[in-house]
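Here's the structure we're looking at; comments come further down.
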Amino acid sequence: MPTTKRTNKTKQNPQQTSQNPKHLAQKLTQNSLDSALSKASKNLILSIESSCDDSSLALTDIDTYALIYHRKISQERAHNVYGGVVPEIASRLHCESLPLVLADMKAFLSSGGEISRESDSCESDLRDENPFGAIRAIAITTQPGLSVSLLQGLMMAKTLCVSLNVPIISVNHLIGHFYSLFIGKSYATMPMSVLLVSGGHTQILEANRADEFVVVASSKDDSFGECFDKVAKMLNLGYPGGSIIEQYAKKYKKITKAKEVNSKNGLNQSDDLCDLSPLPLPLKSNKELAFSFSGLKNATRLLIQSFLDSHASGVKSDIKSSARTKPKSSLDFASNHTSSTASNFASSPARTLDRESILSEREIAHICASFQEAAISHICDKLTRYFVQKLEKNQPVQTLGIVGGASANLTLRSAILGICERYGAELILAPLEFCSDNAAMIGRAGIEEYLAGNFSDTRSLEISPRNECPHLKI
Ligand code: KG4
Ligand code: ZN
């Protein structure tokens, strides 16, 4: 069956979605799908995502594209203490969580009367003895990702395919992220340009057709999200670092504003922390589109070190004197971060830096804001180059989407909105709840493959930890 594609002309405000981008760690999360329930039909795709640290399942209606069910169990809390994902733990937790979500989905389908009340045609399918009777295919993320995590999902997918006698659909995770822009929608805008910013990737992609995605730029080293995670780890703020750093950067803005007001009113002197520390922009004079974050990560490390050194040498400012003064000069020591203010940002800390007794909340906020500013400037610098190159080729970017976990960053969203406005391009954003890994986007991508008849052999389908998708040209 051919796929229908239309152009999405709706411009979105980066602030439009107000949900907290943080996952509800170790909790089942159910999207508000009440409206979708009544639209259930008898043709569903069951999708599974387990490429990293989220165990997620979804049901998508093949006929209407409606998302019928979506839940995930995040493992953030389990990895938080290590400041990053531990593959062995991730794998074990998928083994525990995927069946839990499946049982929940089964209960959901078993109460099919609720689902199909308005749809006589599907009542028998959803209410009959087999609660999975409406499932026509299983879509599974097979690449890229952590092999031990991918395998858990694939194992479940194959088992379901064999027992339900339905075909398996292999989905590339990055293409899945692209479809997070079109969950519940019967169209996908193509061609369009996409900025993918996640924990594993930083790329500019061109989505030409459902079976042709071209990577036009990627990171030479760390990814955008990964760099946030690593800076958060250096500061002992917990994992994942993205939203924590964003919150600190926001806090910095607030403190700075208040300081400026006080200073204007002669109540207080403004200090050196009012200005962000300038961090070197990666590949600034390089005309290449490629991204790089390792240098910025190192520059941030040095910035942290400079604060530690100034404490060690007893330098005091009005801010620094408010910091607890336990001198240390190396980042390689271990302890817990227990500051009550910071605990608003990180529930359970990583153990790499005993900076809680050295750096004040304001210094941490200053470092986070300086880093975030530089990281976003780098993205904007390269993205602007891309827009200019396209313009020079007489192929101006008309539509840009931002996807991936880090696309939940509101400062990034509004900076990119500025670029799109400057170049007359439309910006498409995924709802915050679908920026991070989820099975809903895999189900949406799975529909395209289902309609194109792209099924894999259940027995021989394997995971590929690297990108090896025929639809993705690197
Ligand atoms: O797409 P995703 O859930 O997983 C991968 O495919 O990697 O992305 C997770 C990444 C993590 O590195 C996380 O720190 C980052 O997205 N992230 C953010 C924000 N929220 C999540 N980075 C920056 N700002 C955020 N608000
Ligand atoms: Zn992802």
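The values are calculated or read from the model by the stated rules, or taken from the named source; none is laboratory data. Given the structure is predicted, the values throughout are model-derived calculations rather than measurements. All Cβ positions, glycine included, derive from the backbone under ideal geometry; neighbour counts span all protein chains shown.
Numerical summary
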quantity: Among (1) more than 16 Å from ligand 2 (Cβ to nearest atom); (2) closer than 28 Å to ILE304 by Cα - the single one GLY199 does not satisfy; calculated: (1)
quantity: Test set (1) surrounded by fewer than 17 Cβ atoms within 10 Å (Cβ to Cβ); (2) within 23 Å of the chain's Cα centre (by Cα); (3) hydroxyl-bearing (Ser, Thr, Tyr) - SER460 fails condition number; calculated: (2)
quantity: First in the stretch 307-318 and over 11 Å from SER360 (Cα atoms) and in the same structural domain as SER277 (by TED's automatic domain parsing), second anywhere and modelled with pLDDT under 85 and not in a loop (DSSP other than H, G, I, E, B), Cβ under 8 Å, 6 or more apart; calculated: SER310/LYS320; SER317/ASP272; SER317/LEU273
quantity: Residue satisfying condition, being more than 25 Å from ASP229 (Cβ to Cβ) and at pLDDT 95 or above, within set PHE371, PHE387; calculated: PHE387
quantity: Of all residues making up the stretch 411-432, the number that are among the basic types (Lys, Arg) and within 16 Å of ligand 1 (Cβ to nearest atom); calculated: 1
quantity: GLY153 vs. criteria assigned by TED's automatic domain parsing to the domain that holds GLY133, farther than 19 Å from ARG209 by Cβ and touching a Phe, Trp or Tyr at 6+ places or on another chain (Cβ under 8 Å); calculated: no
quantity: Criterion violated by LYS185 - all others in (1) away from ligand 1 (no atom under 14 Å from the Cβ); (2) closer than 17 Å to LEU427 by Cα; (3) touching a Ser or Thr at 6+ places or on another chain (Cβ under 7 Å) satisfied; calculated: (3)
quantity: Within the stretch 402-456, tally of residues that are in a helix (DSSP H, G or I), farther than 12 Å from PHE178 by Cα and of a type in the set (Phe, Trp, Tyr); calculated: 2
quantity: Residue, nearest to ligand 2 (Cβ to nearest atom), within the stretch 144-187, restricted to residues that are in contact with a Leu (Cβ under 7 Å, 6 or more places away or on another chain) and part of a strand (DSSP E or B); calculated: ASN172
quantity: Pairs with Cβ under 6 Å, 6+ apart, first in the stretch 44-57 and under 18 Å from LEU109 (Cβ atoms), second within 16 Å of ligand 2 (Cβ to nearest atom) and of a type in the set (Asp, Glu); calculated: SER56/GLU49
quantity: Total residues in the stretch 288-311, condition out of contact with any helix residue (DSSP H, G or I) (no Cβ under 7 Å at 6 or more places or on another chain) and of a type outside the set (Ser, Thr, Tyr); calculated: 9
quantity: The stretch 188-203, residues that are out of contact with any Phe, Trp or Tyr (no Cβ under 9 Å at 6 or more places or on another chain) and within 8 Å of ligand 1 (Cβ to nearest atom); calculated: GLY200
quantity: Cross-chain or 6+ apart pairs with Cβ under 6 Å, the stretch 246-266 first and within 17 Å of LEU359 (Cα to Cα), then surrounded by 13 or more Cβ atoms within 10 Å (Cβ to Cβ) and polar (S, T, N, Q); calculated: ALA249/GLN372
quantity: Qualifying residue in the stretch 433-449 (condition: over 17 Å from ASN208 (Cα atoms), surrounded by fewer than 24 Cβ atoms within 10 Å (Cβ to Cβ) and in contact with a Cys (Cβ under 9 Å, 6 or more places away or on another chain)); calculated: no
quantity: Failed item in (1) assigned to a strand (DSSP E or B); (2) over 17 Å from MET441 (Cβ atoms), with PHE213 passing the rest; calculated: (2)
quantity: Number of the condition not met by ALA207 [criteria: (1) in the same structural domain as ALA299 (by TED's automatic domain parsing); (2) outside any helix (DSSP H, G or I)]; calculated: (1)
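Each row is one residue, and each column tells you yes or no for (1) assigned to a helix (DSSP H, G or I); (2) away from ligand 2 (no atom under 16 Å from the Cβ); (3) of a type in the set (A, V, I, L, M).
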| site | (1), (2), (3) |
| --- | --- |
| ALA217 | no, yes, yes |
| ASP222 | no, no, no |
| GLU226 | yes, no, no |
| LYS230 | yes, yes, no |
| SER243 | yes, no, no |
| LYS254 | yes, yes, no |
| LYS257 | yes, yes, no |
